[in-house]
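Below: the structure, in structure tokens.
The values are calculated or read from the model by the stated rules, or taken from the named source; none is laboratory data. Fair warning: this is a prediction, and the values are worked out from it, not measured in the lab. All Cβ positions, even for glycine, are placed from backbone atoms using ideal geometry, and neighbour counts span all protein chains on display. Please note that ligands, DNA and RNA were not included when accessible areas were found on the heavy atoms of the full protein model with its side chains. Shrake-Rupley method; radii C 1.70, N 1.55, O 1.52, S 1.80 Å.
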Amino acid sequence: MPTITAQLSLPPHFRANDFFAFHLRDQQNIAEIVEGNLLHKGILWEGSSAQLVIAIGECNATISLDIDDQKAIPCEQKVVELGKHMLGLQQDIEKFEVQYLSHPVIGQLISHQRGLRIYQSASAFEALVWAIIGQQISVTAAIAIRRRFIQATGSVHSSGIWCFPDAQHVSAVDDDTLRKTGFSMGKIVAIRALCDAILNKQIDLSARIDHHNAQELTDQLIRLKGIGPWTVSYALLRGFNYLDGSLHGDVAVRRNLQPLLGIEIQPTAKETEKWLEAFSPWRALVAAHLWRSQSAAGY
């Protein structure tokens, strides 16, 4: 099978343990397998089942991609970009840390978590699906639904690892199949709307998102039934390296903000939104620091 390997330099304070913790959330390891300093992840590469392997050393990461399709010839630059994307290396967190390390409220939090960045889903579609699955349920329940969803809609690489599906694969299954994975009717409507918009080219998830076009994509996604502001902000954070979404409605953000501010009552979503505004264009990264103060797997 076609295989390509590339190396990436890692910045100081790279938090490899947090990277692996993110991919260890599902203990059944059907689509992500962590072994020591190696991550094995099943993905679709231009429609073909593939296994991505990321090995992290002290200063470097090695990225390998094995594709089942014998005719597929992966471009090394695209593999490098995927590695940078998943490792969060496209995020200028050094600038953020320089600006806020001496901040009277969040400075100490940041100093304890130097190098924290947002490790990305392999694709924007995967990030959006995870955000839809996670709407208003516990992380434990969402992980179980995600696993069943992958097995119902994905494909298996020759290594045995399951590959996260794309919009075309998801569109090929019926509603009853999705219901059996644990999807509510509302979430089925949302994922159908998302897949239709992608396949009809009404939404382009391949575009690079920054402050100039984030609102345009946000508006496109929110117009889809079943997708709201939290879903979009989380997907932008986890799938597009966009660090300025406001996750003020997130329960864990509000819960962990309470002791940081030293207040007796948990702040409301509106109060949290107002507090986060001061940290734009880093609001989602600040939220991630609040998540990380609780758990490596929780952000």
What is the number of the single condition among (1) outside the structural domain of Gln136 (by the TED database); (2) farther than 19 Å from Ile118 by Cβ that Glu216 does not meet?
(1)
Could you please give the count of residues in region 170-205 that are closer than 16 Å to Gly154 by Cα, among the hydrophobic types (A, V, I, L, M, F, W, C) and open to solvent by 80 Å² or more (accessible area, probe 1.4 Å)?
1
Report yes if Ser233 is open to solvent by 40 Å² or more (accessible area, probe 1.4 Å), closer than 22 Å to Lys84 by Cα and polar (S, T, N, Q), otherwise no.
no
Reported set for region 1-20 where residues are out of contact with any strand residue (DSSP E or B) (no Cβ under 9 Å at 6 or more places or on another chain) and open to solvent by less than 20 Å² (accessible area, probe 1.4 Å) is Asp18
Anything in region 1-46 that is farther than 25 Å from Cys75 by Cα and among the acidic types (Asp, Glu)? List them, or say none.
Asp18, Asp26, Glu35
So is Arg208 farther than 21 Å from Ile133 by Cβ, out of contact with any Cys (no Cβ under 9 Å at 6 or more places or on another chain) and open to solvent by 10 Å² or more (accessible area, probe 1.4 Å) or not?
yes
Return yes or no: is Gln7 modelled with pLDDT under 95, touching a Ser or Thr at 6+ places or on another chain (Cβ under 6 Å) and assigned to a strand (DSSP E or B)?
yes
Tell me which of these Ala127 doesn't satisfy, since it passes every other one: (1) hydrophobic (A, V, I, L, M, F, W, C); (2) open to solvent by less than 50 Å² (accessible area, probe 1.4 Å); (3) farther than 19 Å from Leu178 by Cα.
(3)
For region 156-165, state whether one or more residues are in a loop (DSSP other than H, G, I, E, B), within 25 Å of Ile137 (Cα to Cα) and in the same structural domain as Val129 (by the TED database).
yes
